[in-house]
1. Using the structure shown, decide if LEU276 is within 17 Å of ALA329 (Cβ to Cβ) and hydrophobic (A, V, I, L, M, F, W, C).
2. Going by what's in this entry, would SER190 be described as among the polar types (S, T, N, Q), surrounded by fewer than 17 Cβ atoms within 10 Å (Cβ to Cβ), in contact (Cβ under 8 Å) with a residue 12 or more places away in the chain and on the phi < 0 side of the Ramachandran plot?
3. Part of a loop (DSSP other than H, G, I, E, B), under 18 Å from the mean Cα position of the chain (by Cα) and modelled with pLDDT of 95 or more: is that true of ALA218 in this structure?
4. Which residues, counting only those in the range 111-147, are among the hydrophobic types (A, V, I, L, M, F, W, C), more than 16 Å from the ligand (Cβ to nearest atom) and either at positive phi or not in a loop (DSSP other than H, G, I, E, B) (or both)?
5. Are any of the residues in the range 326-347 of a type in the set (A, V, I, L, M) and under 14 Å from LYS288 (Cα atoms)?
6. List the number of the failed condition for ALA165; all other conditions in (1) out of contact with any strand residue (DSSP E or B) (no Cβ under 8 Å at 6 or more places or on another chain); (2) at pLDDT 95 or above; (3) among the small types (Gly, Ala, Ser); (4) not in a helix (DSSP H, G or I) hold.
7. Identify, by number, the condition in (1) within 10 Å of the ligand (Cβ to nearest atom); (2) assigned to a loop (DSSP other than H, G, I, E, B); (3) touching a Leu at 6+ places or on another chain (Cβ under 9 Å) that ALA156 doesn't meet.
Amino acid sequence: MSEESALRERLGRSRKVIVKVGSKSLAGDAWQRLANEVRALRDENREVVIVSSGAIALGVQRLGLKSRPRDMSWLQAAAAAGQSTLMQRWEAAFEPVGLTAAQVLLTHADLADRARTNNAQSALAALLEAGAVPIINENDAVAIDEIKFGDNDQLASMVVPLVGADLLLLLSDVEGLLDDKGQRVSLVRSFAKDARPFAEGSKSGVGTGGMTSKIEAARRATLAGASVVIAPARAPSVIARVLAGEDVGTLFPAVLQRLGARKHWIAFTLRPKGALVLDQGAAAAVLKNRSVLAVGVLGVRGTFGAGDSVSLFDVSGREIGRGLVQLSAVDAARAAGRKVEGEASPEVVHKDDLVLLPEE
Ligand code: GLU
């Protein structure tokens, strides 16, 4: 058996599946087709979480707007009007197959807060235990540009560690990732070689992010321990086919050594408020997962407080990791590079709060 078939076959063992579906793919009988597929997954004792776009698109119709508005408050209005219709569509599709939908609306501010993240995690776990199907969307009515997830591909990648999913399906209006000849890439072994070069050329046209965003979401999700498949939402029984190991869409296999949920959160959910530039010794220490001491800090950028997340750069300008700082930017700058005879250099980032970013 080829490596790819083995990886594909392994998808059948997935216990917790996140299905992210884009706005353009939600029309006509799409809700019912997906509900039927979710029913089949539940019958196989798999847990399912849906990340559903579509609020703004439905709200635009409902409010009788001619096109998608640009103005933030009008987008928020459309999302508010559309979210309830979106849930009605899911409920109507779930009803005949005996599934229970549960709406969960999240903002990035919720997930950037550890306590709120833990609450969301417990609520989702309880919903799954109760046999319901959480339907997650961004709380667009209160989200503004600066605090948005980016798009629902990113949101879905942040939900992976939250529920401990082992498979993320990104369903959209494309066959998968297409290479420079327009051929579907069926397996991505290396993001740098097999995915990124084709990111721009294969705009999916869906939602806000397109293929670049999907690839980034896939990277984050695979680092959290889930395999990811980008697949065409309109293909009949697409979910069942992926789980049966068929050659459909583009597969990004999960990494073997996943990041724990907290480290993943530090690396990918939090947004760095600043940066530390490290000397060679400190960078080498970071790569061995040792704490960052002020003496090894060459420079401090941005304004951050103790507990905020920062990027860690080596002297060549490569971002080698991220971490939570113990000192504010002002204090870190004051202590940077200083060596006081007989005194230990203060710790700027403790090793437990440090995450190494893989090269690609
Ligand atoms: N939250 C948006 C909506 O429901 C969709 C964002 C996206 O598709 O990326 O309309």
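The values are calculated or read from the model by the stated rules, or taken from the named source; none is laboratory data. Everything numeric in this text was worked out from a predicted model, so none of it was measured. Please note: Cβ atoms are built from the backbone with ideal geometry, for glycine as well, and neighbour counts cover all protein chains shown.
1. yes
2. Yes: the conditions hold for SER190.
3. Taking the combined requirement at face value, the residue does not satisfy it.
4. Matches in the range 111-147: ALA115, ALA120, ALA123, LEU124, ALA125, ALA126, LEU127, LEU128, VAL133.
5. No, the range 326-347 contains no residue that is of a type in the set (A, V, I, L, M) and under 14 Å from LYS288 (Cα atoms).
6. Single failed check for ALA165: (1).
7. Every listed condition holds for ALA156 apart from (2).
Residues are listed down the side, and each one gets a yes or a no for (1) assigned to a loop (DSSP other than H, G, I, E, B); (2) more than 20 Å from ASN139 (Cβ to Cβ):
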| site | (1), (2) |
| --- | --- |
| GLY28 | yes, yes |
| GLN32 | no, yes |
| ARG39 | no, yes |
| ILE56 | no, no |
| GLN61 | no, yes |
| PRO69 | yes, no |
| LEU75 | no, no |
